[in-house]
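Every number here is computed from the coordinates shown, using simple stated rules; none is lab data. None of these values were measured; they are calculated from a predicted model. When we count neighbours, we look across all protein chains shown, and the Cβ atoms used for this are built from the backbone with ideal geometry, even at glycine.
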Amino acid sequence: MAVIGIDLGTTNSLAAYWADGQPRLIADECGQVLFPSVVSYICGEGLAVGTQAKKRILTHKKDTAASFKRFMGTEKKYRLGEKDYTPMELSAMVLERIKKNAEYFLKEEIEEAVITVPAYFNDKQRSDTKKAAKIAGLSVKRLINEPSAAALAYRTTYGEKDLTLLVFDFGGGTLDLSYVECFDNIIEIVAVAGDNYLGGDDIDQLIAKYFCEENGLAWKENDALTQNCRTENNSTRIDLTISEYAALMQCAEDAKCRLEQENEVELVLEVSGKTYTSKLNQDILFEICMPLFSRIKKLFIHILRDAQARVSDLDDLIMVGGSSRLTVVKRFLTELLGKEPIVLGETDKVVAMGAGVYAGIRARREDIRDMLLTDVCPFTLGVETWRKKSDLQGYLLPMIERNSTLPTSHCQRLVTMNDYQDGITVRIYQGEEYYAKDNLFLGEISIPVYPKPAGEEWIDVYFTYDINGLLYVEVANAQGIRNHILLSNQELSRSELERYRKEMQKLMIPPIQQEENKKILEELTQYYHNSVGGQREQIGLFINWFARYLHSGRRYLIVQAVEKAKQQVQFLEESQDRAEEFLFDGELNVLLEEESEEY
Ligand code: AMP
């Protein structure tokens, strides 16, 4: 029984596994490792998945679904033949084929899969990915973020020294940034930022728009997948038919890719029997991409702010994803950061390789099992609250801020809003919007409170979020009555629920309140009381440093800080012993004896 890693991509999907100390890609029966994430309906034959389906994108556009990952987590429907399919169902078909390929390739059953998702996927998108896996007959214990997988692949391939990375994962439909710190065997994701609607396909759109403007053709902002075309209101321009539009998009993508080999390329398109052309070179493309670059720049500012870091803190910028091949993107990033980015080997395979490394960790393979990959919560989690009774809408009170290292826990006291209310319902949301209702609703939990004038009764709300995307919310009122809810992006059995609840309750105690750490702080404080001058100041500074780490929420930094604090306590203990020894050693005793003789 094998564990595999799957990169379920917008354009292509890949699978990998861990063998002989390295990740390896899984090929299909034709030796291909890239499996197109495309499904097509063939009249009289049924559904085709992968390469055969991809070949039909242009010829049978209406019967073919591609790039559906962009709509994962939505109820968007794709009509193939007589039936409608959701992005989740289409993804399930791709995963099922990948599972079959892997079983054929590895000659054994697949026991478990690790699937990568964009770091910016919300709970619904993650939950639908897991459901797709379940339909495909795959057991998925953990989803990992695509840039984290890339960092894992980079770390296992290149050296052991401590370093700080920024992973720039630029695919067809999404851009994900991750700020990553690597030390010892730990890969810590410090912050993530991204845009689910920004990718290479947008560059194709910008090129197509440029082509239309150059040739006096009407530009349509097109959602090619829904066939909803919106024509600019300019009657002097020539409208494109849907098939001409599709040909233009293909022509734009081809030109973009060809430009990596040639200095200048020509776009040629037949519209109503007439031929239109346009030239494209690196400088023009750079200009065309400006609106996109300014969006990328904003994401950089966002992630550096969240990571409380500067550009100069970065050792390497790692580029992955199909669109990272573009020279204009590399040029833009070099200008923005003042250093050349590293493009990792075959950019479209790096995420899958990382998933393969993680599969090795899951399978507890001897040569990789001690590697630790931490992650962060990509969205803020919070509860709906009101500032004033007169407020028309509740706002989102953050309980777990985005980019908190997982697992994490936080407690907040809330008071009653109305006179003599006899209960409080805590509504739980995910997102960054001010008003609660504008965020993703996750669930709710109620608890009775003693009826008293407004503001006199309270409840404590505990949020605990773990690395598997489980959110445990517990509420307790002043009388000690408790209630809880476990929100999960996967279906859990009764016994699993109980086990997770116990684990989550352990996590609810923040590091600063954990017995071991409290004892270390007490001991350090004792040494502080007993010393004077420079040493006292040194111990004070150390206590301050240690407390800061305990509050940092960075789990593995805390583990290291606790280790250092223990050493410090031991050192102080030993130096005290030495001082005591010194008090009673020969020289001092002579002095003391001499002194006593004098009196
Ligand atoms: P991904 O989602 O990582 O598979 O990336 C797909 C995106 O990469 C699409 O927008 C492709 O047009 C783009 N892409 C693939 N190959 C190249 C290439 N050689 N040069 C530029 N862009 C490419």
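Order of 31-42, 278-289 by packing, highest average Cβ count within 10 Å first? List each step's numbers first, then the result.
Numbers: 31-42: 20.9, 278-289: 16.5.
Per-residue Cβ counts within 10 Å, averaged per peptide and sorted highest first, yield 31-42, 278-289.
In degrees between 0 and 90, to the nearest 10, how far off the longest principal axis of the chain does helix 123-135 point, with axes built from Cα atoms?
70
In terms of Cα to Cα distance under 15 Å, which aspartates and glutamates are near enough to LYS55, apart from those fewer than 8 places away along the same chain?
Here the aspartates and glutamates satisfying the reach criterion relative to LYS55 are ASP63.
Tilt of helix 586-598 relative to the longest C-alpha principal axis of the chain, in degrees (0 to 90, nearest 10)?
Rounded to the nearest ten degrees, it is 30.
Once both axes come from the Cα atoms, what is the angle between helix 242-258 and the longest principal axis of the chain, in degrees from 0 to 90, rounded to 10?
60
Need the list of lysines near LYS330 for cross-linking: C-alpha distance under 19 angstrom, and skip anything on the same chain fewer than eight residues off.
LYS256, LYS297, LYS298, LYS339, LYS349
May I ask you to derive the FRET efficiency for LYS279 and GLU340 from their Cβ-Cβ distance with R0 = 25 Å, giving the value to the nearest 0.05?
0.35
Checking the a/c ratio against 1.5 first, then a/b against b/c, what shape does the Cα gyration tensor give for the stretch 426-473?
Oblate, because a/c is 1.5 or more while a/b does not exceed b/c.
Give me the number: length gained by fully extending GLU82 to ASN483, i.e. 0.36 nm times residue separation minus the C-alpha to C-alpha distance, one decimal in nm.
Extending this stretch completely gives an extra 139.7 nm.
Only Cα pairs under 8 Å and at least 6 apart count here; give the relative contact order of the chain as a rounded whole percent.
Contact order relative to length: 12 percent.
Pulled fully out, how much extra length does the chain show between LYS124 and ASP20, if you take 0.36 nm times their separation in residues and subtract their Cα-Cα distance?
Value of the extension gain: 33.8 nm.
For the stretch 25-103, state which GluC sites (Glu not before Pro) are in a DSSP loop and have at most 13 other beta carbons lying within 10 Å of their beta carbon.
On the way: sites: GLU29, GLU45, GLU75, GLU82, GLU89, GLU96, GLU103; in loops: GLU29, GLU45, GLU75, GLU82.
Taking the stretch 25-103 and a limit of 13 other Cβ atoms within 10 Å, the loop GluC sites (Glu not before Pro) found are GLU29, GLU45, GLU75, GLU82.
To the nearest 500 deg cm²/dmol, what mean residue ellipticity at 222 nm is calculated for the chain from DSSP H runs of n ≥ 4 alone, each contributing -39,500 (n - 2.57), summed and divided by the residues?
Calculated mean residue ellipticity at 222 nm is -12000 deg cm²/dmol.
Order these peptides, 411-424, 529-542, by their mean beta-carbon neighbour count within 10 angstrom, highest first.
Packing order, densest peptide first, comes out as 411-424, 529-542.
What spacing in nm lies between the two simple spin-label points modelled at GLU260 and TYR434, each 7 Å away from Cα in the Cβ direction?
Result for the modelled spin labels: 4.3 nm.
Could you name the lysines in cross-link range of LYS131, using Cα to Cα under 19 Å and dropping any fewer than eight places away on the same chain?
Candidates past the 8-residue exclusion: LYS69, LYS76, LYS77, LYS99, LYS100, LYS141.
Pop the C-beta distance of ASP391 and ILE512 into the FRET formula with R0 = 30 Å and round what comes out to the nearest 0.05.
In this case the efficiency is close to 0.35.
Using 0.36 nm per residue of separation minus the Cα-Cα distance, give me the extension gain between THR59 and GLU108 in nm, one decimal. Provide the component values of the computation, followed by the final result.
Details: separation 49, 0.36 × 49 = 17.64 nm, distance 3.71 nm.
This chain segment gains 13.9 nm when fully extended.
What shape does the stretch 379-507 take by its C-alpha gyration tensor, where a ≥ b ≥ c are the square roots of the eigenvalues and a/c under 1.5 counts as rounded, a/b above b/c as prolate, and the rest as oblate?
Working: a/c = 2.14, a/b = 1.36, b/c = 1.58.
Verdict is oblate for the stretch 379-507.
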